[in-house]
Amino acid sequence: MSDASFEDGRERPLNLGAYEAEDLEVISSLVQDAVFPVTEMSWRASARRFAILLNRFRWEDRVAAERRGRAYERVQSVLVAENVLSVASQGIDRTDKDMILSVLSVTFEPGEDGAGHLLLTLAGDGAIRLSVEALEVTLKDVTRPYRAPSKHMPQHDT
């Protein structure tokens, strides 16, 4: 008899929150290689909320997919940052409505009294920097998983 593993459990949509830099590392690992059109970013200054609708690779399902010999999956998820005071970006042409961006990492650079900067590093030298009053980030799956169009796991140059 063997212990049950995470892969044996029922699948549920992710709904995670990060209020500390260590929590953000988990979210960062789950959105690594997520892709999104530049048109799917939204900043609502009056609500102090920045959101992106991502198509993320389901890293949490990778081992189960390999064990069962089935296709890798992606899922649409919303990444939301609260308490956003300002947004800056580099390497992103917001006028190019066909631009597709890819997330490499999400990190927090602490400042004073809980404030700081949330940095979304993108492939191709792009970046989004959010000045935040306090770290509050959520990642929530909003669709059912679907077969990854490439049928492959994302590859990284090392």
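Pulled fully out, how much extra length does the chain show between residue 119 and residue 92, if you take 0.36 nm times their separation in residues and subtract their Cα-Cα distance? Difference between extended and current length: 8.3 nm.
Calculate the all-directions average of the projected area of the range 35-91's alpha-carbon convex hull, and give it in nm². Let's see the in-between values first.
Working: hull surface 20.4 nm².
For the Cα atoms of the range 35-91, the hull's average projected area reads 5.1 nm².
Relative to the longest principal axis of the Cα atoms of the chain, the long axis of helix 21-31 lies at roughly 60 degrees. Could you look at the chain and say what percent of its accessible area is carbon and sulfur, using a 1.4 Å probe and all protein chains? That fraction is 48 percent. Overall, the ratio between the Cα radius of gyration of the range 72-158 and 2.2 N^0.38 Å, rounded to two decimals, is 1.26. The residues of the chain have, on average, 60 Å² of accessible surface per residue, using a 1.4 Å probe with all protein chains present.
Given Cα pairs under 8 Å that are at least 6 residues apart, what percent is the relative contact order of the chain? Working shown, then result.
Details: 337 pairs, mean separation 46.4, N = 158.
Relative contact order comes out at 29 percent.
Ranked from largest to smallest solvent-accessible area, with a 1.4 Å probe on the protein heavy atoms, 150, 46, 131 come out as 46, 150, 131.
For the peptides 85-98, 113-126, the ranking by mean Cβ contacts within 10 Å, running from highest to lowest, is 113-126, 85-98. Normalised by residue number, the volume inside the convex hull of the Cα atoms of the chain is 139 Å³ per residue.
Multiply the residue separation of residue 49 and residue 85 by 0.36 nm, subtract the distance between their alpha-carbon atoms, and state the gained length in nm to one decimal. Between residue 49 and residue 85, full extension yields an extra 12.1 nm. With r as the distance between the Cβ atoms of residue 105 and residue 133 and R0 = 22 Å, compute the FRET efficiency 1/(1 + (r/R0)^6) and round to 0.05. Efficiency, from the Cβ-Cβ distance: 0.50. The calculated 222 nm mean residue ellipticity attributable to helices in the chain amounts to -3000 deg cm²/dmol, summing -39500 (n - 2.57) over DSSP H runs of n ≥ 4 and dividing by all residues.
Any idea what the alpha-carbon Rg over 2.2 N^0.38 Å comes to for the range 6-66? The value comes to 1.34.
For residue 20 and residue 147, the difference between the fully extended length at 0.36 nm per residue and the C-alpha to C-alpha distance is 42.5 nm.
The values are calculated or read from the model by the stated rules, or taken from the named source; none is laboratory data. A quick note: this is a predicted structure, and the numbers were derived from the prediction, not measured. When we count neighbours, we look across all protein chains shown, and the Cβ atoms used for this are built from the backbone with ideal geometry, even at glycine. Note: accessible area is taken over every heavy atom of the protein model, side chains too, but ligands, DNA and RNA are not part of it. Shrake-Rupley method; radii C 1.70, N 1.55, O 1.52, S 1.80 Å.
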